[in-house]
Amino acid sequence: MQGEELGTAPGPLRELLRIPEGTRVDLSSYAADATPGGPADKAAGVLDTARMGERLADLQERLYAASTADDRRRVLLVLQGMDTSGKGGTVKHVIGLFNPSGCRIKAFKTPTPEEQSHFFLWRIMRELPLPGEIGIFDRSHYEDVLIARVHDLVPRSQLGRRYGKINHFEQTLADDGVTVIKCFLHISYDQQRRRLLERLDNPDKHWKFSTGDITERALWPAYKEAYEIALERCSTAEAPWYLIPADRKWYRNWAISKLLLEHLTALDPRYPAADFDVEESRRLLLQGG
């Protein structure tokens, strides 16, 4: 991974992996098997990820509790990446550290006829996390500037305007108390082939494979360009993109856990103070036996 673009100095991971606003992005310049800022090896990474679980769960509970006192803050984790980059794996291994009752998970598939009849952000708005929640998008509104570009689903003039609409949308989210954490899971072309072959070699994984995966893989250069444009045009101060090297699953899980921990720690949600007489309540309980 190029140090001059994403940084190499010790410090918060969100600064190390952040794509600065206005940066020219060439994905071939970033090593998908790199481990910037990470633990020494897989064993250390898995252990450190597990250790973060208790702290993440505590911060999540505090965030949810704060919402009962009209704190509107919440978190939205956006996961984007090529097929097999690990969006589902991240949901399983990272979001599993949270209490599921405080999470809102949505995997966006091909738009339904009803969804296609609306403005492209309509279906996204319906799935946003409520105050106190942690929302996770497995794919997102970025599909409408990725697949739409690669497959020429909309005129280029309309496509070009969508980047601005996305930036405006994410700005309104930030203004309303949503911390937007956008993670691009950067997998290499060779690693994708290995993971697809693993699915073919394991009958229990055949359900995860589609012959369409081969067709889409042939469009790798077009997807690479589409992602580069989206990362360049939509990494803003309010909703930056984070480039996550994803060839090593353990690092991917560690990095996203660390990003969530850093953002939640910065939010520093607090348990609300009691709005009743604690001592009187205790006295009444003890009096009643």
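The values are calculated or read from the model by the stated rules, or taken from the named source; none is laboratory data. Since this is a predicted model, take the numbers as computed values, not measurements. Neighbour counts run over all protein chains shown; Cβ positions are idealised from the backbone, glycine included. Side chains included, ligands, DNA and RNA excluded: accessible areas come from the protein's heavy atoms. Shrake-Rupley method; radii C 1.70, N 1.55, O 1.52, S 1.80 Å.
Within the stretch 135-165, being among the hydroxyl-bearing types (Ser, Thr, Tyr) and in contact with a Leu (Cβ under 8 Å, 6 or more places away or on another chain) holds for one residue alone: Ser140.
Is one or more of the residues making up the stretch 1-10 in a loop (DSSP other than H, G, I, E, B), open to solvent by less than 50 Å² (accessible area, probe 1.4 Å) and modelled with pLDDT under 95? Scanning the stretch 1-10, I find at least one residue that is in a loop (DSSP other than H, G, I, E, B), open to solvent by less than 50 Å² (accessible area, probe 1.4 Å) and modelled with pLDDT under 95, so the answer is yes. Once the stretch 222-237 is narrowed to residues that are open to solvent by less than 40 Å² (accessible area, probe 1.4 Å) and not aliphatic (A, V, I, L, M), the residue that is nearest to Tyr189 (Cα to Cα) is Tyr223. Scanning the stretch 58-93 for residues that are touching a residue at least 12 places away in the same chain (Cβ under 8 Å), open to solvent by 40 Å² or more (accessible area, probe 1.4 Å) and assigned to a helix (DSSP H, G or I) gives Glu61, Tyr64, Gly88, His93.
Which condition number in (1) touching a residue at least 12 places away in the same chain (Cβ under 8 Å); (2) under 26 Å from Trp250 (Cβ atoms) is the one that Trp207 fails? That leaves (1) as the condition not met. Of the residues Ala50, Ala69, Ala43, Ala65, the single one that is hydrophobic (A, V, I, L, M, F, W, C), over 18 Å from Pro131 (Cβ atoms) and over 21 Å from the mean Cα position of the chain (by Cα) is Ala43. Inspection of the stretch 224-235 identifies no residue that is more than 24 Å from Asp144 (Cβ to Cβ) and assigned to a helix (DSSP H, G or I). Looking across the stretch 13-57, the residues that are basic (Lys, Arg) and either surrounded by fewer than 16 Cβ atoms within 10 Å (Cβ to Cβ) or part of a helix (DSSP H, G or I) (or both) come down to Arg14, Arg24, Lys42, Arg51, Arg55.
Taking the stated definitions as given, is Leu243 within 28 Å of Met52 (Cβ to Cβ), open to solvent by less than 20 Å² (accessible area, probe 1.4 Å), modelled with pLDDT of 95 or more and not hydroxyl-bearing (Ser, Thr, Tyr)?
Details: within 28 Å of Met52 (Cβ to Cβ): yes; open to solvent by less than 20 Å² (accessible area, probe 1.4 Å): yes; modelled with pLDDT of 95 or more: yes; not hydroxyl-bearing (Ser, Thr, Tyr): yes.
Yes: the conditions hold for Leu243.
Of all residues in the stretch 249-275, which are aliphatic (A, V, I, L, M) and not in a loop (DSSP other than H, G, I, E, B)? Even if it seems obvious, please write down each step before you answer.
Of the stretch 249-275, the ones aliphatic (A, V, I, L, M) are 255-256, 259-261, 264, 266-267, 273-274.
Those that are aliphatic (A, V, I, L, M) and not in a loop (DSSP other than H, G, I, E, B): Ala255, Ile256, Leu259, Leu260, Leu261, Leu264, Ala266, Leu267.
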